[in-house]
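The values are calculated or read from the model by the stated rules, or taken from the named source; none is laboratory data. Fair warning: this is a prediction, and the values are worked out from it, not measured in the lab. FYI the Cβ positions are ideal-geometry reconstructions off the backbone, even for glycines, and counts take in every protein chain you see.
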Amino acid sequence: MIRVRLGKVLLPVMVLAVLIAGFLAEKHSRARVRLVEAFADSLPADPALHAYALAVARPAFAAHCAACHGGSFQGDPQHGVPNLRQGVWLYDFGRVSDIERTILYGIRSGNGRARNTTDMPAMGLTGRLTAAEISDVARYVISLSRTGGDGAAIARGEAIYQGKGECFDCHGVDASGNIDWGVPSLTGATWLYGGSLAAITASIHDGRHGLCPAWTGVLDPVTIRALAILLHDENTGRPRA
């Protein structure tokens, strides 16, 4: 008698559990479809899809991105890994769609659609500039964002920057960089490899060839878009949900 009664109680509970599981699975499936069908840059303004994206992105970032970018998005200047919370992007404008493209195809990743227009040449290793000239250019570069320094060296460095070194060709006459090519501005306080004299000298002498892997074909489109939304949040300083 007890078993019969227990069965009468458990059966409706089991049916309800199956129905709830089916409902949640359908809701999850609809959210995935909506996330990839929507215009990427509109998603931060959609509360439901935004929350869903963050729930997908956070474990994915921890599993696939934090090893390089750090668990707090702080990056690693020793290896040229950018801080993702500084509001500064090498490529484009930091929109969800811009970030998504970088995650999809990478930077110098070998993918045919990767961002790989240019990189920093090794001005010293190739013999294009002497050690003394590199030292002067490094001091000029530092002077663009900091006061003080050796005025004569800075003047010589500027002449090399605008002349023999042809640094202006990528970084611009005003050293403001180029977001189409991924060329950093030299006038602010943000540095990929650190802004010390030694780090800048090494960049000019040895060159830089940073890369980011292409995640297309490794992560699914939903996860990639969700990651782009998460990084957009961190970049814009949006309060964490």
Listed by range, helices (runs of 4 or more DSSP H) wholly within region 129-241 having at least 2 residues that are at pLDDT 95 or above and not assigned by TED's automatic domain parsing to the domain that holds GLY75 are 131-143, 151-162, 168-171, 197-206
Checked region 127-148 for anything free of Cβ contacts under 8 Å to residues at least 24 places away in the same chain and of a type outside the set (A, V, I, L, M, F, W, C); matches are GLY127, THR130, TYR140, SER143, ARG146, THR147, GLY148
Taking region 67-117 and keeping residues of a type in the set (Phe, Trp, Tyr) and under 19 Å from THR187 (Cα atoms) leaves TRP89, TYR91, PHE93
When every residue in region 42-91 that is charged (D, E, K, R) and out of contact with any Asp or Glu (no Cβ under 9 Å at 6 or more places or on another chain) is compared, the one nearest to GLY177 (Cα to Cα) is ASP76
Scanning region 173-189 for residues that are without any contact (Cβ under 8 Å) to a residue 12 or more places away in the chain and over 16 Å from PRO121 (Cβ atoms) gives VAL173, SER176
